[in-house]
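Taking it in order: structure first as structure tokens, then the write-up.
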Amino acid sequence: MGKFSRDKGARFEREIANKLKEVFGSRVTRSSGQCFSGDTRADVDCPKFWVECKVGKRPNIKAALEQAEEARESSESTKTPVAICKWDRDEPIASMRLSDFIEILKSIYKEKD
């Protein structure tokens, strides 16, 4: 991967981290670069979600979500895997498994009852 692509990815991760800080505050951090020591980290670390970010001409949502799921499992985290993908010059899309989405909805609406 070239420097331009790495820089674009890093900018996108910072953008997503800043958006999530609006909800979770200072508990959100962006992982700094790739980890070669065998440790697995989310692109953006926040409460509740394991966030994998992809940006480019045609990011693969399914592959990004699978990467988030595999990394989350290998780290033994209980966070919900989410892929946030952005096509060049378009608005980001957040995706997750329907079963995870349903669990989130159940927890939100149980709290309101």
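The values are calculated or read from the model by the stated rules, or taken from the named source; none is laboratory data. A quick note: this is a predicted structure, and the numbers were derived from the prediction, not measured. With ideal geometry, Cβ positions are generated from the backbone for all residues, glycine too; neighbour counts draw on all protein chains shown. Accessible surface is based on the protein model in full, side chains and every heavy atom, while ligands, DNA and RNA are left aside. Shrake-Rupley method; radii C 1.70, N 1.55, O 1.52, S 1.80 Å.
Among residues of region 1-34 being farther than 16 Å from Gln67 by Cβ and of a type in the set (Val, Ile, Thr), the one that is most open to solvent (accessible area, probe 1.4 Å) is Val23. Among residues that are modelled with pLDDT of 95 or more, open to solvent by less than 50 Å² (accessible area, probe 1.4 Å) and either over 11 Å from the mean Cα position of the chain (by Cα) or not hydrophobic (A, V, I, L, M, F, W, C) (or both), Val51 is not included. Of all positions in region 80-88, at least one carries a residue that is loosely packed, with under 13 Cβ neighbours inside 10 Å and either at pLDDT 95 or above or farther than 19 Å from Val28 by Cα (or both).
Among residues of region 95-113 that are at pLDDT 95 or above, those with a Cβ under 7 angstrom from a residue that is of a type in the set (Gly, Ala, Ser), sequence gap 6+ or separate chain, pair up as Ser95/Ala83. Only one of the numbered conditions (1) on the phi > 0 side of the Ramachandran plot; (2) without any contact (Cβ under 8 Å) to a residue 24 or more places away in the chain is not met by Glu66, and that is (1).
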